[in-house]
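Undergrad: For reference, the structure I am asking about is given below.
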Amino acid sequence: METHDIVIIGGGSAGLAAAYQASQNGCHDILIIEQGVECGGILQQCIHNGFGLHTFKEELSGPGYAQRFIDRVENNPDIDIWLESTVIEMRNDKTLTVVSPKKGYLEIHAKAIILAMGCRERTRGAIDIKGTRPNGIYNAGQAQKFLNLDGYLVGKRVFILGSGDIGLIMARRMTLEGAKVLGVAELMPYSNGLARNIKQCLEDFDIPLYLSHTITKIIGKDNLEKIVISQVDENRQVIPDTEMEFEVDTLLLSVGLIPENKLSEDAGIKLHSQTKGAIVDECYMTSIPGIFACGNVLHVHDLVDFVTSEANKAGYWAVKYIQGQTGDGHLINQIANNGISYVLPQVIHENAQADIECSLRVQAPHKDCQIIIKSGDFQKIVKKRSVAPAEMEKVILRVADLKQIHQDIEWEVREC
Ligand SMILES: Cc1cc2nc3c(=O)[nH]c(=O)nc-3n(C[C@H](O)[C@H](O)[C@H](O)COP(=O)(O)OP(=O)(O)OC[C@H]3O[C@@H](n4cnc5c(N)ncnc54)[C@H](O)[C@@H]3O)c2cc1C
């Protein structure tokens, strides 16, 4: 059986950064397995600007950002890349089954594995919309791929369901290509996209955002003809007699992303109910020793810079694991309480020796609030001017904090 020190599943921004970091930390046998024809992942279809402000202190396009990392791994003697190759099975003994045009069907054993498979879009099947099933309904990311990579504009009169970032970016992109975007409907009373995308993709193009609205009917025999939206109350129940009808030929769905965790599930990795990704410790190691996770397969990110910084840690710790070093001490749970959806890492070792950067998301927007972190007698308060579910927050637990923490850590958000 072929063996490697570190095998990375997925050559998107997470996989590329993890590979480079592992090489920088002394690993000379790293394999990236990527199912696409090139590395870069989702970034290759994101031709807009806005990537890399933290990492490179400049605004790059998606492919531009990806290329910076491709340049670091291509021709790197420590890193081998298999393109058009898919991992179809992962076992808990760190054996992978791979299908590859060059190698055929084979099994590979790794001393450490880094999961970097990204995420997929929720489809119409995941939400309940009444009506027919005509042509003209796409996931927003799928329409983005058609337009930006294949040069195919999917429609001319467009409505978008969901105000996540992909939907917002596609509202602007389709407008720039000559389509008429009639509006974006969002179930929640607030947007699920970054504030800068609301401004730059909707407001700057006079595209209406219908908050607390959802699509209640899809009309069309062969092709989409109309959609009906209705207002919802605070319990997300449709309010009668609030219908508005739009004549459209295209509906784009931007209703959420789900980490791509089929392989993880099959291997028996413990997944988190909220993130739908693996439960990890401060080393980004999953419940199976030697299997690490980073990027969108772990939890959905809005900023690629955060993916890169997380992948750097997974790459670093995968090398340390091979050298026999892992987290030390018993595991302490990080518990998301009032107003917090999740905190990651979900567990940390009591004797962690370095600062731990925690990522979290809140359940609803708040202004002038505090994030309160408690464990026994320890308490830390972090003031925030505003927080929103769309924007991932970062809080650092310093080594000095960690010295005072010996039991479960509870997180909550409170308005001042
Ligand atoms: C439409 C959109 C717009 C965005 N806009 C911005 C922005 O403006 N600014 C910003 O900073 N961030 C933005 N982001 C966020 C950021 O770009 C992503 O979160 C990040 O690129 C995700 O990287 P990843 O490596 O985790 O996943 P991906 O890029 O999805 O990479 C995963 C890779 O794994 C491969 N793979 C999956 N399964 C297997 C398997 N079984 N075997 C082999 N290979 C496999 C896939 O082919 C893919 O290449 C945007 C994201 C999207 C989707």
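The values are calculated or read from the model by the stated rules, or taken from the named source; none is laboratory data. Values in this document were obtained by computation on a predicted structure and should not be read as measured data. Because the Cβ atoms are built from the backbone with ideal geometry, glycine has one as well, and the counts that use them run over all protein chains shown. Just so you know, the surface numbers come from the protein's heavy atoms only, side chains and all, with ligands and any DNA or RNA stripped out. Shrake-Rupley method; radii C 1.70, N 1.55, O 1.52, S 1.80 Å.
Undergrad: Hey, any idea what the orientation-averaged projected area of the convex hull of region 328-416's Cα atoms comes to, in nm²?
TA: On the way: hull surface 20.2 nm².
Result: 5.0 nm².
Undergrad: Related question: So what's the angle, to the nearest 10 degrees on a 0 to 90 scale, between helix 140-150 and the longest Cα principal axis of the chain?
TA: Tilt relative to the chain: about 80 degrees.
Undergrad: For Lys94, which lysines qualify as cross-link partners when the Cα separation must be under 17 Å and same-chain residues fewer than eight apart are set aside?
TA: Qualifying lysines at Cα under 17 Å: Lys111, Lys262, Lys270, Lys320.
Undergrad: For each pair in Lys57/Lys383; Lys367/Lys403; Lys313/Lys380, compute the distance between the two Cα atoms and list the pairs where it is over 27 Å. Intermediate results must be reported in sequence, preceding the final value.
TA: Details: Lys57/Lys383 25 Å; Lys367/Lys403 31 Å; Lys313/Lys380 24 Å.
Correct reply: Lys367/Lys403.
Undergrad: Now a separate question. From the Cα trace of region 22-96, what convex hull volume per residue do you get, rounded to a whole Å³?
TA: Output value, Cα hull per residue: 122 Å³.
Undergrad: Could you work out the helix-only [θ] at 222 nm for the chain, with each DSSP H run of four or more residues adding -39,500 (n - 2.57) and the total divided by the number of residues, to the nearest 500 deg cm²/dmol? Display every interim value, and only then the final one.
TA: Working: 7 runs with 77 residues, N = 416.
Taken over the chain, the calculation gives -5500 deg cm²/dmol.
Undergrad: Over region 328-416, calculate the relative contact order: mean separation of alpha carbon pairs under 8 Å at least 6 apart, over the residue count, as a percent. Could you put the intermediate results ahead of the total?
TA: Working: 212 pairs, mean separation 33.6, N = 89.
38 percent.
Undergrad: Please report the net charge: other residues with Cβ closer than 10 Å to the Cβ of Thr214, K and R +1, D and E -1.
TA: Details: positive: Arg236; negative: Asp128, Glu186.
Its environment carries a net charge of -1.
Undergrad: Angle check, please: helix 13-24 long axis (alpha carbons) against the longest principal axis of the chain (alpha carbons), in degrees 0 to 90, nearest 10.
TA: 20
Undergrad: Roll a 1.4 angstrom probe over the protein heavy atoms and tell me the percent of accessible area of the chain that is carbon or sulfur.
TA: Values: 8630 of 18700 Å².
Summing carbon and sulfur atoms, their accessible area is 46 percent of the total for the chain.
Undergrad: Sorting check: for 266-274, 63-71, which peptide has the highest mean count of neighbouring beta carbons within 10 Å, and how do the rest follow?
TA: Details: 266-274: 15.4, 63-71: 19.1.
Per-residue Cβ counts within 10 Å, averaged per peptide and sorted highest first, yield 63-71, 266-274.
Undergrad: Probe 1.4 Å, all protein chains in place: accessible area of Met90 in Å², nearest 10?
TA: Met90 exposes around 0 Å² with every protein chain in place.
Undergrad: State in Å² the accessible area per residue of the chain; use a 1.4 Å probe, count heavy atoms of protein chains only, and round to the nearest integer. Don't skip to the end; give the middle numbers.
TA: Working: 18700 Å² over 416 residues.
For the chain, the per-residue accessible area is 45 Å².
Undergrad: I would also like to ask the following. Over what distance in Å are the Cα centres of region 235-255 and region 367-408 separated?
TA: 38
Undergrad: Can I ask one more? For every other residue with a beta carbon closer than 9 angstrom to the beta carbon of Glu2, add +1 if it is Lys or Arg and -1 if Asp or Glu, then tell me the sum. Numbers along the way, then the final one.
TA: Numbers: positive: Lys103; negative: Glu107.
That works out to 0.
Undergrad: Would you mind checking the tilt of helix 62-73 against the longest principal axis of the Cα atoms of the chain, expressed as 0 to 90 degrees and rounded to 10?
TA: Roughly 20 degrees between the two axes.
Undergrad: Top mean-square fluctuation among Val319, Val73, Val37, Gaussian network model of the chain, C-alpha springs under 10 Å?
TA: Among Val319, Val73, Val37, the largest GNM mean-square fluctuation belongs to Val37.
Undergrad: On to the next question. Charges only on Cβ, +1 for Lys and Arg, -1 for Asp and Glu: so what's the dipole of the chain about the Cα centre, in debye to the nearest 20?
TA: Working: 41 positive and 54 negative charges, 82 e Å.
It works out to roughly 400 debye.
Undergrad: Something else about it: Percent relative contact order of the chain, based on C-alpha pairs within less than 8 angstrom and at least six residues apart?
TA: Details: 1019 pairs, mean separation 63.2, N = 416.
Once normalised by length, the contact order is 15 percent.
Undergrad: Please build a GNM for the chain, connecting alpha carbons under 10 Å apart, and tell me which residue among Lys380, Lys57, Lys403 fluctuates the most.
TA: Fluctuation is largest for Lys57.
Undergrad: Now a separate question. Heavy-atom accessible area of Thr3 with all protein chains present, probe 1.4 Å, nearest 10 Å²?
TA: 90
Undergrad: Return the long-range amide H neighbours of Ile291 (sequence gap of 5 or more, or a different chain), with a cut-off of under 5 Å between placed amide H atoms.
TA: Placed amide hydrogens put Ile113, Thr286 under 5 Å from Ile291.
Undergrad: Also, quick follow-up: Normalise the Debye intensity by I(0) for the chain, one equal point scatterer per Cα, no solvent, then take log10 at q = 0.07 Å⁻¹ and round to two decimals.
TA: -0.36
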